Amino acid sequence: MTSTVPARSGPASMPAARSAGSQRVLDAALELFAEHGFDGTSLQDIADRLGVTKAAVYYHFHTKDEILRALVQPAFAELMAIVTEEERRPARAGRVVEVGRYVDYLLRHRRVAVWLARDAAAMTRAVVTDQATEVRERTEAMLVGSEADGLSRIWAAATLQALAGGLVAAPPDATDAWLREELTEVGAHLIAGYRKAVRRREG
C-alpha cells in the first residue's frame, strides 16, 4: 500500500508524513470502520463524526480506498522492513526470536490488525490484497524457514492464523505485556510442533 497520496509504491515504502487534519480523518475512519465495517461507513459518516463537511474530508482523501491504504500502509511497510532484515540474518533452528518480534509488531498495530481481521470487506479490497500475498509468504518464511513445501505452508499458515486469532479474541482490556507473553508462547509451541513434524517426516 502507499501513503495518503494516491500514487502507488512498493510495500516497503515508508509512509509519508501526515498532517494533523489527515490524521484526524484516519482516526475517525478507523473508529467507524470498527463500529460499522468498511462497507457500512461513508465519507459523509466520517465527516459527521468529525463535525466537518464532506469537502473537508475530501481535501485529504478522495475515496475510502485511499483511507484504507493510509491506515494499513504503516503496518505493511514495517513488516516488510522486519522480514527484509531477518532474511539477511543467519538461519536459526528455533526462530523464537522471530516469533517474539512478529508479536511485538502485531501489538504495535493492534487496533488496525483487530479491525482488519474482522472486516472481510476491507480485507478483500485491492489496496490490501495487491501486496498481502508477498508479505504473507515472506513472513511465513521468517517464522518457519524458507522451505517451500506443503508441510511448511500448513504450519506457517496455522501459526499466522493462531497469532491473529489470539489477538482478535483477547479481551479489550488485555494489556500488551500480557498479550505479548501469551502470543509468543503460542507461536513458540507451534514452531516447535513444526520442527517435530519435520523430524517425523524425515525419520
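Using the rule -39500 (n - 2.57) for each DSSP H run of four or more residues, divided by the residues of the chain, the 222 nm mean residue ellipticity is -24000 deg cm²/dmol.
In this simple spin-label approximation, ALA117 and SER19 carry label points 7 Å from Cα along the Cα→Cβ vector, and these lie 3.5 nm apart. For the chain, the carbon plus sulfur part of the accessible surface works out to 56%, probe radius 1.4 Å.
Ranking MET123, MET80 by solvent-accessible area of protein heavy atoms (1.4 Å probe, all protein chains present), from largest to smallest, gives MET123, MET80. In this structure ASP104 has an accessible area near 50 Å², from a 1.4 Å probe over the protein heavy atoms.
With both labels modelled 7 Å from their Cα along Cα-to-Cβ, the GLU137 to THR84 distance reads 1.8 nm. Based on the Stokes-Einstein relation at 20 °C and a viscosity of 1.002 mPa s, and on the Kirkwood radius from alpha carbon pairs, region 22-80 is assigned a translational diffusion coefficient of 186 µm²/s. With K and R counted +1 and D and E -1, the other residues having a Cβ less than 12 Å from that of ALA28 yield a net charge of -3. Of all stretches in the chain that contain no trypsin sites (Lys or Arg not before Pro) in a DSSP loop with at most 14 other Cβ atoms within 10 Å, the longest one is 93-203. Seen against the Cα atoms of the chain and their longest principal axis, helix 20-36 is set at about 70 degrees. The length gained on full extension between ALA164 and ARG201, counted as 0.36 nm times the residue separation minus their Cα-Cα distance, comes to 10.6 nm. Label-to-label distance, GLN44 versus TRP178, with points set 7 angstrom from Cα along the beta-carbon direction: 4.2 nm. The residues of the chain expose, per residue, 52 Å² of accessible area to a 1.4 Å probe. Compared with the dominant principal axis of the Cα atoms in the chain, helix 150-169 is inclined by about 50°.
Ordering THR184, ALA174, ALA141 by Cα displacement along the dipole of the chain toward the positive end leaves ALA141 in first place; charges were set at the Cβ atoms of Lys, Arg (+1) and Asp, Glu (-1).
The values are calculated or read from the model by the stated rules, or taken from the named source; none is laboratory data. As the structure is a prediction and not an experimental result, all values here were calculated from the model. Positions of Cβ are backbone-derived with ideal geometry, glycine not excepted, and every protein chain shown enters the neighbour counts. The accessibility values were calculated without ligands, DNA or RNA, using every heavy atom of the protein model including side chains. Shrake-Rupley method; radii C 1.70, N 1.55, O 1.52, S 1.80 Å.
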